[in-house]
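Below is one structure; the comments refer to it alone.
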Amino acid sequence: MKLLLDDKEPIADGVVLLTLRHPDGDPLPDWTPGAHVDLVLADDLVRQYSLCGDPDDTSILQVAVLREPDGRGGSRHVHDVLAVGQQIEVRGPRNHFELVEAKRYLFIAGGIGITPILPMIAQVETTGHDWRLLYGGRTRSSMAFRDELEHLGQVEIRPEDEHGLLDLRAVLGEPDEDTAVYCCGPEGLLTAVEQHCANWREGALHVERFAPKAGAAQGPRHDFEIELSQTGAVLRVPAGQSVLEVVERAGVSVLSSCQEGTCGTCETTVLAGTPDHRDSVLTDQERAVGDAMMICVSRSLSPRLVLDL
């Protein structure tokens, strides 16, 4: 869909909040906390951003974008090129970071990782469940949405230049069977949280990554076949190519974006065979089921995969 950039507001050091509307005022698609959209910034520049507004307000979609000087160009385009009044192609919303039912919630956010957490907190507040947020950032002025969070008693705001690194041992040292842990932020934080949650119950931890998990896409590469169930075509995937590249070369149109296994755009249903999951999206439980894969990076453990394409 083509949406109008209705507002572009600085909300923290290096962070802008984009507000998008339908040009004709039509209602926008429903979404749930944890969802993200793709912004098609140019023909070869597509980036994913978590929705941070109110899911009940179907008149707008909002994303917050951090300027990343060492990034791949998406944030620079948003900060330096996008202008109010411009139309932007938007894909989604999609959600691989769903809020599950739990008695208690522990939210841990690092920097711009606060964006998917905000609507989660709002939803949990309406249900009356216990929750707590540990929010870290480089400096207080760089932490988006700080003002609206500071008055909440369940929130600990810990800028690194004032408090050092987040004390994860204090909040994760003792596993809690009734608590769901949600974490979003830089890779260093995610890795540390995963390590501290190693003894928690399976499925307690939920993370969302902005970049591939270290080593996720690595492993042996060999040829295998894919069968496209909708046409019956059988294609060979060489060791040096991805499933996505092979099906696109065969003329099959598949939505894709990051091509590094982090956004979930190319998720494809697996009807038969055993995927070799190399993404940074699916949970261990979802991988064990084996009924879906990210075809931009994942491969096959069986001689043939049958895909719903």
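The values are calculated or read from the model by the stated rules, or taken from the named source; none is laboratory data. It should be emphasised that the depicted structure is a prediction, and the values quoted were computed from it without experimental measurement. As a convention, Cβ positions derive from the backbone with ideal geometry for all residues, glycine included, and neighbour counts pool all protein chains shown. Protein only, heavy atoms only, side chains kept; ligands, DNA and RNA dropped before computing areas. Shrake-Rupley method; radii C 1.70, N 1.55, O 1.52, S 1.80 Å.
Across the range 142-164, what is the total count of residues that are in a helix (DSSP H, G or I) and crowded, with 18+ Cβ neighbours inside 10 Å? Result for the range 142-164: 3. Just checking, does the range 227-246 include any residue being of a type in the set (S, T, N, Q), under 24 Å from the mean Cα position of the chain (by Cα) and farther than 30 Å from A198 by Cβ? For the range 227-246, residues of a type in the set (S, T, N, Q), under 24 Å from the mean Cα position of the chain (by Cα) and farther than 30 Å from A198 by Cβ: present. Within the range 283-292, none of the residues are in contact with a Gly (Cβ under 6 Å, 6 or more places away or on another chain) and within 16 Å of R209 (Cα to Cα).
Scanning the range 172-196 for residues that are touching a strand residue (DSSP E or B) at 6+ places or on another chain (Cβ under 6 Å), over 16 Å from G111 (Cα atoms) and at pLDDT below 95 turns up nothing.
Counting the residues of the range 94-112 that are open to solvent by less than 10 Å² (accessible area, probe 1.4 Å) and at pLDDT below 95 gives 1.
Kindly indicate whether any position in the range 269-280 is part of a loop (DSSP other than H, G, I, E, B), on the phi < 0 side of the Ramachandran plot, crowded, with 17+ Cβ neighbours inside 10 Å and at pLDDT below 90. Looking for residues that are part of a loop (DSSP other than H, G, I, E, B), on the phi < 0 side of the Ramachandran plot, crowded, with 17+ Cβ neighbours inside 10 Å and at pLDDT below 90, one finds at least one in the range 269-280, hence yes.
Residue-by-condition table, conditions (1) open to solvent by 40 Å² or more (accessible area, probe 1.4 Å); (2) basic (K, R); (3) within 21 Å of P303 (Cβ to Cβ); (4) at pLDDT 95 or above:
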{"position": "E227", "(1), (2), (3), (4)": "yes, no, yes, yes"}
{"position": "E248", "(1), (2), (3), (4)": "yes, no, no, no"}
{"position": "S256", "(1), (2), (3), (4)": "no, no, no, no"}
{"position": "C263", "(1), (2), (3), (4)": "no, no, no, no"}
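All of V15, V84 fail the test of being of a type outside the set (K, R) and closer than 26 Å to V207 by Cβ, apart from V15. The residue that is least open to solvent (accessible area, probe 1.4 Å), counting only those in the range 281-305 that are touching a Ser or Thr at 6+ places or on another chain (Cβ under 8 Å) and among the β-branched types (V, I, T), is I295. From the list W131, W200, the lone residue that is touching a helix residue (DSSP H, G or I) at 6+ places or on another chain (Cβ under 7 Å) and either of a type in the set (F, W, Y) or open to solvent by 50 Å² or more (accessible area, probe 1.4 Å) (or both) is W131. Among residues of the range 125-165 being modelled with pLDDT under 95 and under 20 Å from T32 (Cβ atoms), the one that is farthest from the chain's Cα centre (by Cα) is G128.
If the condition is being under 18 Å from the mean Cα position of the chain (by Cα) and loosely packed, with under 13 Cβ neighbours inside 10 Å, then the range 71-93 contributes only R72.
Listed residues T115, T139; which is crowded, with 16+ Cβ neighbours inside 10 Å and of a type in the set (V, I, T)? Give the derivation first.
Details: T139 fails: crowded, with 16+ Cβ neighbours inside 10 Å.
Every option except T115 fails the conditions.
Scanning the range 51-70 for residues being open to solvent by 10 Å² or more (accessible area, probe 1.4 Å) and under 20 Å from V281 (Cβ atoms) gives a total of 1.
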